Amino acid sequence: MDTVSFIRRLGTLILLVFIQVLLLNRIALFGYATPLFYIWMIVRFDSTMKRSSVLLWAFFLGLTIDMFSSTPGLNAASATLLAMFQPGIVKLFVPIDL
């Protein structure tokens, strides 16, 4: 991974953490559900990235959200699980032109 893409991903991670912690964690849809915008980053990872890199980025993103949200391990586990199934999810929702 080159330096520019690493810095870009790190900046996106910091921005999404701030949006999630400062804005979206205060919203409760119908009194129960909290919108999770940070999963957008996980779904948008390049298909050319190594699988271990995607899993590590997702884990650290979820762990960072957990630190600010008082949910020990919940977001880290769900983000890592989403990263594991990310290629299948992208194939399911993105049409392939033949």
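Just checking, how many residues over region 16-25 are modelled with pLDDT of 85 or more and surrounded by 13 or more Cβ atoms within 10 Å (Cβ to Cβ)?
5
Looking at region 62-72, which of its residues are surrounded by fewer than 17 Cβ atoms within 10 Å (Cβ to Cβ) and in contact with a Leu (Cβ under 8 Å, 6 or more places away or on another chain)?
Listed by number, the list is empty, since nothing qualifies.
Do we have V4 as at pLDDT 85 or above, on the phi < 0 side of the Ramachandran plot and buried (at least 16 other Cβ atoms within 10 Å of the Cβ) here?
no
For the condition buried (at least 17 other Cβ atoms within 10 Å of the Cβ) and hydroxyl-bearing (S, T, Y), what is the one hit in Y32, Y38?
Y38
For region 73-90, name all the residues that are more than 21 Å from Q20 (Cα to Cα), open to solvent by less than 60 Å² (accessible area, probe 1.4 Å) and not aliphatic (A, V, I, L, M).
Result: P87, G88.
The values are calculated or read from the model by the stated rules, or taken from the named source; none is laboratory data. Here the structure is a predicted model, which means the values were calculated and not measured. As a convention, Cβ positions derive from the backbone with ideal geometry for all residues, glycine included, and neighbour counts pool all protein chains shown. When the accessible area is computed, the model is the full protein with side chains, heavy atoms only, and any ligands, DNA or RNA have been set aside. Shrake-Rupley method; radii C 1.70, N 1.55, O 1.52, S 1.80 Å.
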